[in-house]
1. I need the phi-derived Karplus couplings for segment 109-125: 6.51 cos²θ - 1.76 cosθ + 1.60, θ = phi - 60°, integer Hz, Gly and Pro marked x.
2. Under a plain spin-label model, where a point goes 7 Å from the Cα along Cα-to-Cβ, how far apart in nm are F12 and E185?
3. Going by a ≥ b ≥ c, the root eigenvalues of the Cα gyration tensor, does segment 39-95 fall in the rounded group (a/c under 1.5), the prolate group (a/b larger than b/c) or the oblate group?
4. Multiplying the sequence separation of T159 and H31 by 0.36 nm and subtracting their Cα-Cα distance, what value in nm do you get?
5. Just flag the trypsin sites (Lys or Arg not before Pro) in segment 62-156 sitting in loop per DSSP whose Cβ has no more than 12 other Cβ atoms within 10 Å.
6. R0 = 41 Å: FRET efficiency of D47 with L19, Cβ-based, nearest 0.05?
7. Once fully extended, how much extra length lies between R122 and A177, figured as 0.36 nm per residue of separation less the alpha-carbon to alpha-carbon distance?
8. What FRET efficiency would be calculated for the residue pair R92, A149, taking the C-beta separation as r and a Förster radius of 22 Å, to the nearest 0.05?
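Since every read-out is calculated from the coordinates, none of them should be taken as a lab result. Just so it is clear, the model here is predicted, and its values are computed rather than measured. Backbone-built Cβ (ideal geometry, glycine too); neighbour counts: all protein chains shown.
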Amino acid sequence: MAGTRFAYVRNFELPDPLLPDTYLVCRLDGHSFHRFSDEHGFAKPNDERALQLMDHAAKSAMIKFKDIMLAFGESDEFSFLFRKSTNLYNRRQSKILTTLTSYFTSCYVLYWSLYFPDTPLRYPPPFDGRIVVYPTECAIRDYFSWRQADTHINNLYNTTFWALIQKGGQTTTEAHATLRCSFPERFKKGSVIVRDIVRPIGIHDEQNRAESTELRNFEDVFPYSTYLRRPWSALSEMWKGSICASR
Ligand code: ATP
Ligand code: ATP
Ligand code: MG
Ligand code: MG
Ligand code: MG
Ligand code: MG
């Protein structure tokens, strides 16, 4: 087909490469989930099943896309951090964004009934997505701090803090004290999924031989694994106590 007189239309497809050697953050967000959560009877303000389903879809995406090093989720959104040196799809923006977004969405639908066994899906939920490139670790830390502050503000302050004051007659200090220990961590801080960098296993290590293929693949995918530890430790520090490790 390439040689036909029609082939010139291909020239209208413009390349869309992402800047090399920069961190890629891909953030997905459920479309109209205010309505979706109402129609599917989500508990308010935080439905644990819905959050677990989001985490499940995010873990599946991390298993498929090995260059995602960390994911942060809250409410109907998830942010995925790709390693700086990723060459996924030659860093073509629309290829990365559309494939990740549709994969996440497919997983959300595929695993729906595991978390909502008694609630049939009434219509297909779309997710939108965007990719932002960040040049520095500092900007990456600030990005995740920003999303986490959003979680905290939405869940803690806007809803309960003011309810305690206005309806419960508490002072601001009392309301702070009441809230400090009253919510599960994930409602206050969202969820974090970190890729574990696994130590390569020696060929003579009988005990772990069964796992060695998987680990070798893992190492193939992560030629720069030592280097990659650095942004982790900085980010992990931020989330002491709320990290859940995963492969
Ligand atoms: P948009 O299409 O612009 O993203 P939206 O309706 O999805 O619109 P968001 O700002 O993304 O608006 O907010 C998502 C909404 O989905 C929340 O305000 C909340 O009502 C609902 N929601 C998402 N996850 C949960 C959950 N786990 N438990 C309860 N409600 C949830
Ligand atoms: P890429 O991820 O690059 O798109 P691909 O494997 O999807 O890789 P395509 O060039 O998109 O490759 O080709 C799609 C392939 O899917 C076809 O070559 C064919 O093998 C298969 N396929 C798609 N639809 C059908 C169908 N209706 N019947 C049989 N095979 C199909
Ligand atoms: Mg949106
Ligand atoms: Mg939304
Ligand atoms: Mg949202
Ligand atoms: Mg195809």
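1. 6, 4, 9, 3, 5, 5, 9, 10, x, 9, 10, x, 5, 8, 7, x, x
2. 5.3 nm
3. Since a/c reaches 1.5 and a/b is larger than b/c, the shape of segment 39-95 is classed as prolate.
4. Details: separation 128, 0.36 × 128 = 46.08 nm, distance 2.20 nm.
Working it through step by step, the gained length comes to 43.9 nm.
5. On the way: sites: K64, K66, R83, K84, R91, R92, K95, R122, R130, R141, R147; in loops: K66, R83, K84, R122.
Within segment 62-156, the qualifying trypsin sites (Lys or Arg not before Pro) (loop, at most 12 other Cβ atoms within 10 Å) are R122.
6. 0.60
7. Full-extension gain reported as 15.7 nm.
8. On the way: r = 32 Å, r/R0 = 1.45.
My answer for the efficiency is 0.10.
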